[in-house]
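Below is one structure, written out as structure tokens, with a few remarks after it.
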Amino acid sequence: PELRAVVASTAAHALEVIEPVYGMSRPVADDHTRRARTYRATYELHDRAGEFTSVLFTQQRFPTASELLLGGSIFPAMQNFLLAARALGLGACLTSWASYGGEQLLRDAVGVPDDWMLAGHVVVGWPRGNHGPVRRHPVADVAFLDHWDTPATEIAGVGPAAPPPC
């Protein structure tokens, strides 16, 4: 099948899997809560998946290295791609559609050899409207220093100054 049809199929299947996991359902039209806006965007992405440009990131497998360690080479490239797309005003989303049974379909659609792993799938397109503000938790709330429950306030710029680099 054509790649866009395969992408649409993997997205539809992924949505079937994640709806019960996250307790998702399509919001009613008059619901304007943050959650409803997020769900609307999620459903639109999945519903229109076959319309977007797909970019597959691959990494050659090596029998002596774990796939997670190999990701150290490709994951920064994916992040740079996402940042570059945003800088150009494009919408880009790293999907997990291959994780829900879609990997073989995507591999077959583009002919990814068996000795290569599918490291990521990004869909890219022009967003409707403008990008909203990026919402992130403060670093001190999500990073720890030296121990799991020790906030990284010193390196997050909210505590005493860190010693100068060596």
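The values are calculated or read from the model by the stated rules, or taken from the named source; none is laboratory data. These numbers were taken from a predicted model, which means no experiment stands behind them. Neighbour counts run over all protein chains shown; Cβ positions are idealised from the backbone, glycine included. Keep in mind that these areas ignore ligands, DNA and RNA; they rest on the heavy atoms of the full protein, side chains included. Shrake-Rupley method; radii C 1.70, N 1.55, O 1.52, S 1.80 Å.
Expected output is a single nm value to one decimal: the length gained when fully extending between THR64 and GLU154, i.e. 0.36 nm times separation in residues minus the C-alpha distance. What is it?
28.6 nm
Positive-end ranking of THR150, GLY89, SER9 along the dipole of the chain, with charges on Cβ about the Cα centre, is headed by GLY89.
Annotation: extensible slack from ASP47 through LEU83 equals 10.5 nm (criterion: 0.36 nm per residue apart, minus Cα-Cα distance). Two numbers describe the Cα atoms of the chain: Rg and Dmax, which are 19.3, 58 Å.
In a simple Cβ point-charge model (Lys, Arg +1; Asp, Glu -1; nothing else charged), the chain has a dipole of about 580 debye relative to its Cα centre. Dipole orientation for the range 14-98: of the candidates ASN80, GLN60, HIS32, ASN80 has the Cα lying most toward the positive pole (charges on Cβ; Lys, Arg +1; Asp, Glu -1).
Taking label points 7 Å from Cα along the Cα-to-Cβ direction, SER25 and ARG37 give a separation of 2.3 nm. In this structure TYR22 has an accessible area near 140 Å², from a 1.4 Å probe over the protein heavy atoms.
In the context of the full protein assembly, ASP114 retains an accessible surface of approximately 130 Å², using a probe radius of 1.4 Å and ignoring ligands and nucleic acids. Among THR95, THR58, THR150, the largest mean-square fluctuation in a Gaussian network model of the chain (Cα springs under 10 Å) belongs to THR150. Each residue, GLN104 and SER73, gets one label point 7 Å from its Cα in the Cβ direction; the gap between the two is 2.6 nm. Converting phi to 3J(HN,Hα) with the Karplus coefficients 6.51, -1.76 and 1.60 and the offset θ = phi - 60°, the range 87-95 yields 4, 8, x, 7, x, 9, 9, 6, 9 Hz in sequence order, with x at every glycine or proline. To the nearest 10, the accessible area of PHE52 is 40 Å² with a 1.4 Å probe.
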